[in-house]
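Notes to accompany the following structure.
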Amino acid sequence: MSRPLPAALVVAATVAALAVPAAADARVGAATTIAGPDPAIADLGGVAMAPDGTGGVVFRRYEAGVPHVYAARYDGETWDAPQRVDVGQRFTSSWPRIGAANDGRLVVTWVQQGPPNQDSLYSAVLPRGSSRFLPPTLVDFTIGDARAAYPALAMAPGGDAILAYEKVTAFTHPVLGAGYVTSQIKLARFDGSRWSGLGVPANRVATTPLRQPTAASGPKVAIAADGDAVVAWQEPDEQLQDRVWARRVFGSRLGTVLPVSPTTLGGAPQRGAADALAVRMTDAGRAVVALRQQPDPSVRALPPRVLVAQLDEPESGNGRSFGEAQPVGDGGGAPGAPSVGLGGRFGLLTAWEQTGSLRIAQGSQASAPALADLGPALATPAPVAAQGVDARGVVAAATGEGGGRVVVRELDAATVTSTQGVSGRAGGPVTELDLAGAGNGNALVAFGQGQADERQIAVARVDAPPVPFVVETPGDWTNARRPLVAWMPPVNDPRPRHYTVRVDGRVVARRVFARTFRVPTGALRDGTHRVQIVATSRTGGGDTASPEATFGTDRRRPVATATVAGRRVRVTVKDPGGKRASGVAPGGTTVDWGDDETTEGRTRRASHAYATGGRRSIVVRTQDAAGNVASFRFRVRVAGPRRPAPKDR
């Protein structure tokens, strides 16, 4: 079994009123109004963001009384003008969803209304380097009655995507009647160029009647960088108890059905329904499902609980089943639908509304989650969350303050580092809310806002707090005339505008666009140096500085001397320069004494006693720690052995 999440939660912080302004170094930008105010705008479909910072937003807008799909691309700095996606389609379009891949690629899916019980699922792609979406292509010719499709789309950085949706063929079950539908959970996969259906439904039992889908119980998907995915859905068990189930998806092959929601919790049977599911997946294949467990209908005093269940990475050996679902929160009051975010290999962030307040739980496999009450929040739309590296997180919640706005908070573990309220141009009540993270702490927060006569779609950019990035120096010492310094991009800002190189506190280069730099000849004296790289964000997120890295330069060769004392010769090697020198390399000296004897592996000193006197030619080869190599030849005269004194006769 997988290691369960800790059940005990620790109250960490209570944040003051939302009216407190953001800190001076806040990285939550003002909202950009993508469309509106305009009474023709219908609703927000979703927002997506790729790891490189590009992304997009999709929404519906009425034309001649018919809703159609529009999308706008974000290039990491600015938003393109929205463009219609369902070009050439005359009937009602619904359920728009969007996915983003690196290099500005977007995929949009939607449902086009057709004859009764024959609605169709379509998609359009915005390729790399293109400014216009390609014409719509068919994903599924008929998905039955699209009123309950509730599709979910996830896209990998490389361009693979997966789509899950309900294919409802009857809204009243012939046996169970109203409240149950005849439906299947269908999957389709996008390989970067075309869609193909998986054919086999994801349902545990394809013929089992499903509860009539809602936003809280519709299927959800998540995808890893390699294209493997996980799908979670609600389906009754043999006792018609609504449970949550999941499968891994390997290419076009479905994994086994895995139970997610518990049948018992704390030793007590769970006879209530499990709903409001959310799913996320790391690039390494770890999957987490958050859900809301309704209480036993016979126990009136027991409120619903938010649970989190975890499926380990496939290679871990424990990735064959979900660990025991663990409750988060204190159980005081009815919680809303949860949102979940994953960061790194073990980071986990869950957010939900409870009794009018925003709650979060931060935790990992290595440490107990912490619970925090972050102040007022609306239950509809539900709060949203994403997490990045080093427990950097983002949570956003709609409030009614000032007539309506979205409050975005950046987190460092359970600590709020900045708080910013954002709103569209015309303000008004927030009706839809979505958040897409880049996996590094950066995110896009999209929301629909406004009264019916001034609807608008707005998006705010969130830049994660700086995460120090690694700088590679030439080593401890180098003798290069132009030493090479290299670095990785900041994880919170993978596409900065440019870099600045500082050496010993001085700026030696500005506006460097590559991730390598050769320090100019003459800019460094022999000795130790400190180098630091500063990345300047292209999105107004400020600067991210690397820790200072140290290295030394030494361009002087070591020197050797030879002294003779009778029949013994001593060789001494020194590295000139004192504290600015790298020092003689350990074991880097070899001496050929000229009498078929050689001494190797010495550092600073070597000596040799000759058996006979005479002239000798000694060759010394040595190097220092910076790689400077030197050879010396000495010609010495060695005294012969003493003649014995004559004996008296």
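What the table below lists for this structure:
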item	result
Residue within region 292-301 that is among the hydrophobic types (A, V, I, L, M, F, W, C) and at pLDDT 90 or above present	no
Index of the failed condition, residue 226 passing every other in (1) buried (at least 17 other Cβ atoms within 10 Å of the Cβ); (2) within 20 Å of the chain's Cα centre (by Cα)	(1)
Single unsatisfied condition, residue 511 versus (1) closer than 30 Å to residue 409 by Cα; (2) in a strand (DSSP E or B); (3) open to solvent by 30 Å² or more (accessible area, probe 1.4 Å)	(1)
Filter pass, residue 243 being under 23 Å from residue 200 (Cα atoms) and open to solvent by 10 Å² or more (accessible area, probe 1.4 Å)	yes
Residue under evaluation residue 518, criteria (1) among the basic types (Lys, Arg); (2) under 27 Å from residue 48 (Cβ atoms); (3) in contact with a Leu (Cβ under 9 Å, 6 or more places away or on another chain), criterion not met	(2)
Any hit, region 192-202, residues being touching a residue at least 12 places away in the same chain (Cβ under 8 Å) and within 16 Å of residue 259 (Cα to Cα)	yes
Residue check, residue 599 farther than 16 Å from residue 566 by Cα, in contact (Cβ under 8 Å) with a residue 24 or more places away in the chain and part of a strand (DSSP E or B)	no
Residue check for residue 164: in contact (Cβ under 8 Å) with a residue 40 or more places away in the chain, open to solvent by less than 10 Å² (accessible area, probe 1.4 Å), of a type in the set (Gly, Ala, Ser) and assigned to a strand (DSSP E or B)	yes
Residue ID - nearest to residue 45 (Cα to Cα), chosen from residues in region 199-222 that are under 28 Å from the mean Cα position of the chain (by Cα), open to solvent by 20 Å² or more (accessible area, probe 1.4 Å) and modelled with pLDDT of 85 or more	215
Leading residue by the ranking (nearest to the chain's Cα centre (by Cα)) among those in region 57-81 that are at pLDDT below 95 and either among the hydroxyl-bearing types (Ser, Thr, Tyr) or surrounded by 14 or more Cβ atoms within 10 Å (Cβ to Cβ) (or both)	76
Hits in region 514-534 - residues which are assigned to a strand (DSSP E or B), of a type outside the set (Val, Ile, Thr) and open to solvent by 30 Å² or more (accessible area, probe 1.4 Å)	517, 518, 530, 532
Test for residue 272: is it under 22 Å from the mean Cα position of the chain (by Cα), assigned to a loop (DSSP other than H, G, I, E, B) and not basic (Lys, Arg)	no
Matching residues, region 241-268, being without any contact (Cβ under 8 Å) to a residue 40 or more places away in the chain, under 21 Å from residue 292 (Cβ atoms) and either in contact with a Ser or Thr (Cβ under 7 Å, 6 or more places away or on another chain) or in a loop (DSSP other than H, G, I, E, B) (or both)	241, 243, 263, 266, 267
Checklist (1) assigned to a loop (DSSP other than H, G, I, E, B); (2) more than 29 Å from the chain's Cα centre (by Cα); (3) of a type outside the set (S, T, N, Q); (4) at pLDDT below 95 applied to residue 158, failing item	(2)
Hey, residue 560 under 30 Å from residue 489 (Cβ atoms), in contact (Cβ under 8 Å) with a residue 12 or more places away in the chain and out of contact with any helix residue (DSSP H, G or I) (no Cβ under 7 Å at 6 or more places or on another chain) or not	no
The one condition in (1) within 21 Å of residue 244 (Cβ to Cβ); (2) part of a strand (DSSP E or B); (3) at pLDDT 90 or above that residue 327 fails to fulfil	(3)
Condition check for residue 97: among the basic types (Lys, Arg), in a strand (DSSP E or B), closer than 30 Å to residue 387 by Cα and open to solvent by 40 Å² or more (accessible area, probe 1.4 Å)	yes
Unique match (being out of contact with any strand residue (DSSP E or B) (no Cβ under 6 Å at 6 or more places or on another chain) and surrounded by 13 or more Cβ atoms within 10 Å (Cβ to Cβ)) among 582, 537	537
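Yes/no per residue for (1) within 26 Å of residue 244 (Cβ to Cβ); (2) assigned to a loop (DSSP other than H, G, I, E, B); (3) open to solvent by less than 20 Å² (accessible area, probe 1.4 Å):
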{"position": "109", "(1), (2), (3)": "yes, no, yes"}
{"position": "124", "(1), (2), (3)": "no, no, yes"}
{"position": "133", "(1), (2), (3)": "no, yes, no"}
{"position": "154", "(1), (2), (3)": "yes, no, yes"}
{"position": "168", "(1), (2), (3)": "yes, no, yes"}
{"position": "187", "(1), (2), (3)": "yes, no, yes"}
{"position": "196", "(1), (2), (3)": "no, no, no"}
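Condition check ((1) part of a loop (DSSP other than H, G, I, E, B); (2) free of Cβ contacts under 8 Å to residues at least 12 places away in the same chain; (3) out of contact with any strand residue (DSSP E or B) (no Cβ under 8 Å at 6 or more places or on another chain); (4) open to solvent by less than 40 Å² (accessible area, probe 1.4 Å)) across all residues:
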residue	(1), (2), (3), (4)
411	no, no, no, yes
419	no, no, no, yes
424	yes, no, no, yes
428	yes, no, no, yes
433	no, no, no, yes
439	yes, no, no, no
446	no, no, no, yes
460	no, no, no, yes
468	yes, no, no, no
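The values are calculated or read from the model by the stated rules, or taken from the named source; none is laboratory data. Keep in mind that this is a model prediction, so the values were computed, not measured. Note: ideal-geometry Cβ built from the backbone for every residue, glycine included; neighbour counts use all protein chains shown. Ligands, DNA and RNA are excluded from the accessible area calculation, which covers all protein heavy atoms including side chains. Shrake-Rupley method; radii C 1.70, N 1.55, O 1.52, S 1.80 Å.
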